[in-house]
Amino acid sequence: MQTLRDALLQAEQRGAAIGHFNVSDLVLLKGVFTAAQELNVPVIVGASEGERSFMGVRQIAALVKSLRDEFDYPIFLNADHTHTLAGAEEVARAGFDSVVFDRSALPRKENVQQTREAVTALKAIHPAMLVEGEIGDIGSGSEIHDAMPEPGKGLTTPEEARQFVEETGIDILAPAVGSMHGMSRSMVQGASKQHLDIERIAAIRKAARVPLTLHGGSGTDDDDFRKAIAAGISIVHINTELRVAWRRSLESSLANKPDEVVPYKILPPAVDSVREVVKSRLQLFNNTQSGR
Ligand SMILES: [Zn+2]
């Protein structure tokens, strides 16, 4: 079975990025998996601390593993933004493929020290698990914000990226390159798009010499995505767009069938809505209409 490290290498070789989509329930997981399957491309399922506490760490691990095994499919599981070593150790024991160990809110020195300690501790538990570290400010909360914070101040420099990777031994780096978690109301309406600092991405990739992840991808301009992937982004995170699709579809499904109480008759349109969003993003990230 292909590892996430293999899949990242192959994606980079074909000029693509792997889509990372957060899930909170089986509706989202089905939407993500069936979209990837239809396009025959690898995919990463993400579960943040909140999403994991709702679904259960071992339960989401078992669900993703069951899809991987039954369909012999390159579907991977990432523990998104994990703020404690205990939480990261828990997902290592549960067999996650990767973890975002996020101490980016700390001063640089403490972020380096804690991330380096985490890499050592986690590789001792699960040597194949990839550890992603984060520097710079990419906001918080994959939800709808009244206004998006200004990304300008906390952007990562290539030299910071190089030092952070060397000092911590991380496998993947999440730099701040213009994207922010969540979406503004005008982004949800499609009236405005988020833009990325493409030159910075290229310079960071060269300096860091590890795969880069773009967090907070929802609402980003399509052309910026293409250029960012060409410049060295290997993983793109999408969450808020899926949550918006999930909620809207669920609302209309409930409104359309006011007397229906059977969940498996109410929920399929929500799976379809999530799948359509995931498909459109995967096509873009993989630069393809179909086929791997
Ligand atoms: Zn993120």
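The table below gives the values:
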item	result
Qualifying residue in the stretch 99-109 (condition: of a type in the set (Ser, Thr, Tyr), surrounded by 21 or more Cβ atoms within 10 Å (Cβ to Cβ) and within 16 Å of the ligand (Cβ to nearest atom))	yes
Helices (runs of 4 or more DSSP H) completely within the stretch 202-292 that count 3 or more residues being surrounded by fewer than 22 Cβ atoms within 10 Å (Cβ to Cβ) and among the basic types (Lys, Arg)	240-256
Considering residues of the stretch 65-100 that are aromatic (Phe, Trp, Tyr) and without any contact (Cβ under 8 Å) to a residue 60 or more places away in the chain only, the residue farthest from THR34 (Cα to Cα)	PHE96
Counted residues, the stretch 1-48 - those being part of a loop (DSSP other than H, G, I, E, B) and either farther than 23 Å from ASP224 by Cα or touching a Cys at 6+ places or on another chain (Cβ under 9 Å) (or both)	8
ALA36 being over 22 Å from GLU143 (Cβ atoms), crowded, with 24+ Cβ neighbours inside 10 Å and among the aliphatic types (A, V, I, L, M)	yes
Which listed residue, of GLU90, GLU51, GLU132, is surrounded by 14 or more Cβ atoms within 10 Å (Cβ to Cβ), within 15 Å of the ligand (Cβ to nearest atom), in a helix (DSSP H, G or I) and at pLDDT 95 or above	GLU51
Subset of the stretch 207-224 [within 16 Å of the ligand (Cβ to nearest atom) and more than 18 Å from ALA47 (Cα to Cα)]	PRO211, LEU212, GLY219, THR220
Any hit, the stretch 136-148, residues being away from the ligand (no atom under 14 Å from the Cβ), under 22 Å from ILE233 (Cα atoms), surrounded by 16 or more Cβ atoms within 10 Å (Cβ to Cβ) and not aromatic (Phe, Trp, Tyr)	no
Which numbered condition GLU241 fails, given (1) of a type in the set (Asp, Glu); (2) under 22 Å from LYS30 (Cα atoms); (3) away from the ligand (no atom under 16 Å from the Cβ); (4) in contact (Cβ under 8 Å) with a residue 12 or more places away in the chain	(3)
Pick from the stretch 57-84, criterion assigned to a loop (DSSP other than H, G, I, E, B) and within 29 Å of GLN113 (Cα to Cα), ranking: nearest to the chain's Cα centre (by Cα)	HIS83
Some residue of the stretch 179-186 being crowded, with 17+ Cβ neighbours inside 10 Å, at negative phi, within 16 Å of the ligand (Cβ to nearest atom) and outside any loop (DSSP other than H, G, I, E, B)	yes
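Okay, residues lined up against (1) of a type in the set (D, E, K, R); (2) farther than 20 Å from ILE75 by Cα; (3) under 19 Å from the mean Cα position of the chain (by Cα):
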| site | (1), (2), (3) |
| --- | --- |
| ALA208 | no, yes, no |
| THR213 | no, no, yes |
| GLY232 | no, yes, yes |
| THR240 | no, yes, yes |
| PRO258 | no, yes, no |
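The values are calculated or read from the model by the stated rules, or taken from the named source; none is laboratory data. In this text, all values refer to a predicted model and were calculated from it rather than measured experimentally. Don't worry about glycine lacking a Cβ; one is built from the backbone with ideal geometry, like all the others, and counts go over all protein chains shown.
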